[in-house]
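One structure is given below, encoded as C-alpha cells.
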Amino acid sequence: MRMVIVAGTPGSGKTAVLIHALRSLKEQGFKPAVVKVDCLYTDDGTKFDRVGVPNLVGLSMDMCPDHYAIYNLEDMIKWAQDNEADFLVIETAGLCHRCAPFTRNSLGVCVIDATSGPNTPLKVGPFLSTSDIAVVTKGDMISQAEREIFRERVLEVNPNCKIIDANGLSGQGCTELAEEMMNSQEVSLEDEKLRHSAPLAVCTLCVGETKVNKKYHRGILRRIDGFQSYEGE
C-alpha cells in the first residue's frame, strides 16, 4: 500500500486540493482511504463522503496533532488495509509551522498558500523543507512577479521538491498531484522512520501547569536571547 502524507498551513486549501486528487485516483481505478487529523473540530469527513472515499477523522484535542498522527500511524495503516485501500492518505493539521509528519518512504506533500506572503516559505519548517512536493495554492490571486518570487523562496528552502501550482476550486493542477501519488512507492511500517524529528512537547506546560512564573516550569524550555542578562535577578 502507498502512503501519502499531506501537511500545510491552516487555510491553505489542503482538503480542497486533496478531494480533486482523490477523484482522479478513483477515475483511474484506485481505491484511496483518508485519515483526517485535526485538533478540536472538523467536518471534512462529510466532504470525503461526497466523493465516496472511506475516511476516518481523528481529533488530537490537547495533544500536538503531529505527535497524535505519528502515534496512531500503525492503526491508520491497519484500518486502510481493512478497507482494501491502495492508498492511505493522511491529512494532518498545520499549526506551529514546525510540523514534521513525513516518513521516509511516504510521499510527502506540503500545501502552502501563495497569498500568505513572499517570505512564508522561509518561516515554515520541515513540512516544507523535507517534502517531496510543494503544492502552491491561490496563485491566481497574486501577480506573476509575486508568484515567481514565491516559487524562488520555496526552492530556496527545498531545492529538491517538485512544485505544483494548484487551484482548490477549479481542480487545476490536482491531476498532476494524483499522478505523483500513483508513481509513489509502497510502504512497509517495519522499516519506516520519520524524515525529521517531531516538534518538542516536553515541559510542565504540556502536562497542565497554568502558573506563569518561570520557577514553576521544567523540561525543554527556551528563553529569548536578549533576556539572558536577567537570569538570577
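What follows is calculated from the coordinates using simple rules that are stated; it is not laboratory data. In this text the structure is predicted, and so the values were computed from the model without any measurement. So basically every Cβ, Gly included, is an ideal-geometry build from the backbone, and we count neighbours across all protein chains shown.
The angle separating the long axis of helix 144-157 from the principal Cα axis of greatest extent in the chain is about 70 degrees.
I need the shape label for segment 150-203. Rule: rounded when a/c is under 1.5, else prolate if a/b > b/c, else oblate, with a, b, c from the alpha carbon gyration tensor.
Note, shape of segment 150-203 comes out oblate.
Under the simplified labelling scheme, the GLU179-ASN160 pair shows an inter-label distance of 2.3 nm, with each label point 7 Å from Cα along Cα→Cβ. Dipole size of the chain about its Cα centre, with +1 on Lys/Arg Cβ and -1 on Asp/Glu Cβ: approximately 600 debye, rounded to the nearest 20.
Just checking the listed ones, GLY208, GLY117, GLY108: in the Gaussian network model of the chain with Cα springs under 10 Å, the one fluctuating most is GLY208. Between ASN160, ASN183, ASN55, which gets the highest mean-square fluctuation from a Gaussian network model of the chain, Cα cutoff 10 Å? Comparing ASN160, ASN183, ASN55 in a Gaussian network model of the chain, the most mobile one is ASN183.
Taking the longest Cα principal axis of the chain as reference, the axis of helix 14-27 is set at about 30 degrees.
Defining a contact as two alpha carbons under 8 Å apart and six or more residues distant in sequence, what relative contact order in percent does segment 2-191 show?
Normalised by residue count, the contact order of segment 2-191 is 29 percent.
Within the chain, the ratio Rg/Rh, alpha carbon atoms throughout and Rh by Kirkwood, equals 1.01.
If you take every DSSP beta bridge fully contained in the chain, what fraction is antiparallel? Give it as a percent rounded to 5.
10
With the chain treated as a Gaussian network of Cα nodes joined by springs under 10 Å, which of GLY45, GLY125, GLY219 yields the largest mean-square fluctuation? Result for the chain, Cα springs under 10 Å: GLY219 fluctuates most.
Taking the fewest neighbouring Cβ atoms within 10 Å as the starting point, the ordered list for TYR41, TYR71 is TYR41, TYR71. Working from Cα positions, state the angle (0 to 90°, nearest 10) between the long axis of helix 73-82 and the longest principal axis of the chain. The helix 73-82 is inclined about 20 degrees to the chain.
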